[in-house]
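Working notes for the structure below.
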Amino acid sequence: MSVTLTTTALLVVVAAAVRSTWSPCGWSMLSTITPLTERGRGHRFGATASWFLLGSVVGGTLLGVLGAALAGAVRAVGVGIDVRLWLAAAAALVATGFDARVLSPALPHRRRQVDEAWLDEFRPWVYGTGFGLQIGFGLVTYIMSAGVYLVVVLGALTAGPATAVALGVVFGLVRGSAVLSGARNRTPERLAAFHRRFAAIEEPVRIAVLVVLATATVALAATADALAGTVAALACACAVARGRRYGRGDTAMPARASFRRPTSVERRASEPTTA
């Protein structure tokens, strides 16, 4: 197993998970699972967030199992490390192209949100785990970065099922941990301020993830062949330059969104009575 391939895969996993936080589902979870909102429902944030994190890790594990199944096939066929590095570099280059908006269809893909009606219909452990499971799996809700696809591909190309599962677990853990960033949002004012800061760093994060994907491409290509690494570096430099010319994605919060009149949070009329 190539150290470069495994290390690169881990960096891509973290970058893809972080970028996914700025999906509509990510925004939604940072608004609906907070101390403020959970108190309004008569629940405890710590408990709901724990269920959410657990569900996200399980979802990430399932994503890793998908990569593990493919890794088993790669090992069974006996694909050599050189070929796997070439394939990994090619996949990373494609992912870079998508994130730079050079390739189509344009991101985000899979424009589906979790069902927030669950907040009224189910108990905290159900909606917490259910939301976390979907978000941790990464492929059934908004896909903000092609790095999510790359998580599965690189896991498969390690030819190590256990490594692929571990990568999925890390992805789910990072995705689920994002909800803990709102642990201090106990008032409407704090929640509003948090979202202003969150919106302000979306574009820097998008660019940073694009750079990570480009760096992964170059590292994998250079490990396979020095000339390929040079060509990949030139291609990625062009992609990053093009990607930087794009502003925020169509899921970003408007820069001038008003937070001066936060909506009061009241207890929901219909408390969960099922599950």
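Listed by first and then second residue, the pairs with beta-carbon distance under 6 Å, at least 6 apart or on different chains, first residue in the stretch 213-226 and over 10 Å from Ala90 (Cβ atoms), second among the acidic types (Asp, Glu), are Leu213/Asp99.
Does the stretch 210-223 include one or more residues that are modelled with pLDDT of 95 or more, under 28 Å from Gly128 (Cα atoms) and of a type in the set (Val, Ile, Thr)? No, the stretch 210-223 contains no residue that is modelled with pLDDT of 95 or more, under 28 Å from Gly128 (Cα atoms) and of a type in the set (Val, Ile, Thr).
Scanning the stretch 78-110 for residues that are touching a residue at least 40 places away in the same chain (Cβ under 8 Å) and either in a loop (DSSP other than H, G, I, E, B) or of a type outside the set (D, E, K, R) (or both) yields a total of 20. Summed over the stretch 99-111, residues that are surrounded by 15 or more Cβ atoms within 10 Å (Cβ to Cβ) and either of a type in the set (Gly, Ala, Ser) or out of contact with any Pro (no Cβ under 9 Å at 6 or more places or on another chain) (or both) total 7.
Here's the yes/no breakdown for (1) closer than 30 Å to Ala71 by Cα; (2) modelled with pLDDT of 95 or more; (3) buried (at least 24 other Cβ atoms within 10 Å of the Cβ); (4) among the basic types (Lys, Arg):
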position	(1), (2), (3), (4)
Ala9	yes, yes, yes, no
Ser28	no, no, no, no
Pro35	no, yes, no, no
Phe52	yes, yes, yes, no
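Yes or no: Phe131 among the hydrophobic types (A, V, I, L, M, F, W, C), crowded, with 23+ Cβ neighbours inside 10 Å and under 30 Å from Gly42 (Cα atoms)? In short, yes.
Give the stretch 19-56 a look and list any residue that's in a loop (DSSP other than H, G, I, E, B) and under 22 Å from the mean Cα position of the chain (by Cα), or say none.
Selection gives Thr21, Trp22, Ser23, Ile33, Thr34.
Residues in the stretch 134-175 that are of a type in the set (Val, Ile, Thr), over 19 Å from Thr32 (Cβ atoms) and buried (at least 24 other Cβ atoms within 10 Å of the Cβ): 4 in all.
The values are calculated or read from the model by the stated rules, or taken from the named source; none is laboratory data. Keep in mind the model is a prediction, meaning the values are calculated, not measured. Every residue, glycine among them, receives a Cβ derived from its backbone with ideal geometry; neighbour counts consider all protein chains shown.
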